[in-house]
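A.B. asks: Input: one structure, supplied below.
The values are calculated or read from the model by the stated rules, or taken from the named source; none is laboratory data. Quick caveat: nothing in here was measured; it's all calculated off a predicted structure. In this analysis, Cβ positions are derived from the backbone assuming ideal geometry, glycine residues included, and neighbour counts consider all displayed protein chains.
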Amino acid sequence: MRQSLMETAVRRATDEDVDALSSVMADALMARPLGVWLVPDVVNRAVVMRRYARLVLLQGLEHGRVETTDDRAAVAVWYARVEPPPPAAPWMYDLHRLLGRHAARFALLHACVDGLRPHRPHHQLAHVGVRPGHGDAAQALLATHHQTLDLAGLPSCAEHSSDRPGDGLLAEVGYRPRSPVLLAPGGPALWRMWRPQPCDEQPCGSAGGGLPRRVRLDRTATPFLGRLLPAAPPRSP
């Protein structure tokens, strides 16, 4: 029997989780058309994806928030996008240093993600990975962070490569597709997915409309209790 959402324990990841979660994230990427496009080289795909996943997790631990389940069946990397991020030079340097000749398409992917980012304060679900058959764990993982965002009145965004953006995990937890970007050469469509707040859809301050806009924006640091946020998080790893 699949574990219910209420029974799934969610916690903040640590350095000790990096090896196990790198495998989860790399396997999830390789199972998607995006992973095939990122690394066409079948022989080296697993190694490259594992290096990339490890870099993503280390960046998330340092500059954002990485969450997982107690059984490490799912992982999510979040960034608070309250201010414009600084130039991406350090991230791109690490990307090319670790991935070598395979780095170009990863760099293009991140450039597209940066170009799709909303200008209003929000949280970015930069990466999410789940073991096959553990969809409930992924839903519980995202629901925990979404509850905190809802208390702060903050929307969230993610990117999804699929021919059917209205299906799948992100759609199930309230994300809606916006206009796509086609990754070239020959890549899949990359959709911006947006999870709004009630105040986005009706006048703020009206009945059921959530917190007034001014208060909502003043509370953007709430989801990162117990930790100081950097003034400007890095561009999307």
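A.B. asks: Tally the residues that are out of contact with any helix residue (DSSP H, G or I) (no Cβ under 9 Å at 6 or more places or on another chain), free of Cβ contacts under 8 Å to residues at least 40 places away in the same chain and surrounded by 24 or more Cβ atoms within 10 Å (Cβ to Cβ), restricting the search to region 136-161.
C.D. replies: 0
A.B. asks: Could we say that A126 is hydrophobic (A, V, I, L, M, F, W, C) and free of Cβ contacts under 8 Å to residues at least 40 places away in the same chain here?
C.D. replies: no
A.B. asks: Still on this model: For region 88-102, name all the residues that are of a type outside the set (D, E, K, R) and assigned to a helix (DSSP H, G or I).
C.D. replies: Listed by number, the residues that qualify are A89, P90, W91, M92, Y93, L95, H96, L98, L99, G100, H102.
A.B. asks: Consider V43 carefully, then state whether it is touching a Gly at 6+ places or on another chain (Cβ under 8 Å) and either in contact (Cβ under 8 Å) with a residue 12 or more places away in the chain or surrounded by fewer than 15 Cβ atoms within 10 Å (Cβ to Cβ) (or both).
C.D. replies: no
A.B. asks: If you don't mind, another one. It is to be established whether one or more residues within region 159-169 are assigned to a helix (DSSP H, G or I) and either modelled with pLDDT under 50 or within 18 Å of the chain's Cα centre (by Cα) (or both).
C.D. replies: Yes - at least one qualifying residue is present in region 159-169.
A.B. asks: On to the next question. Does R219 meet the test of being surrounded by fewer than 14 Cβ atoms within 10 Å (Cβ to Cβ), more than 17 Å from G115 (Cα to Cα) and modelled with pLDDT under 85?
C.D. replies: no
A.B. asks: Mind counting the residues in region 60-78 that are surrounded by 23 or more Cβ atoms within 10 Å (Cβ to Cβ) and either hydroxyl-bearing (S, T, Y) or assigned to a helix (DSSP H, G or I) (or both)?
C.D. replies: 3
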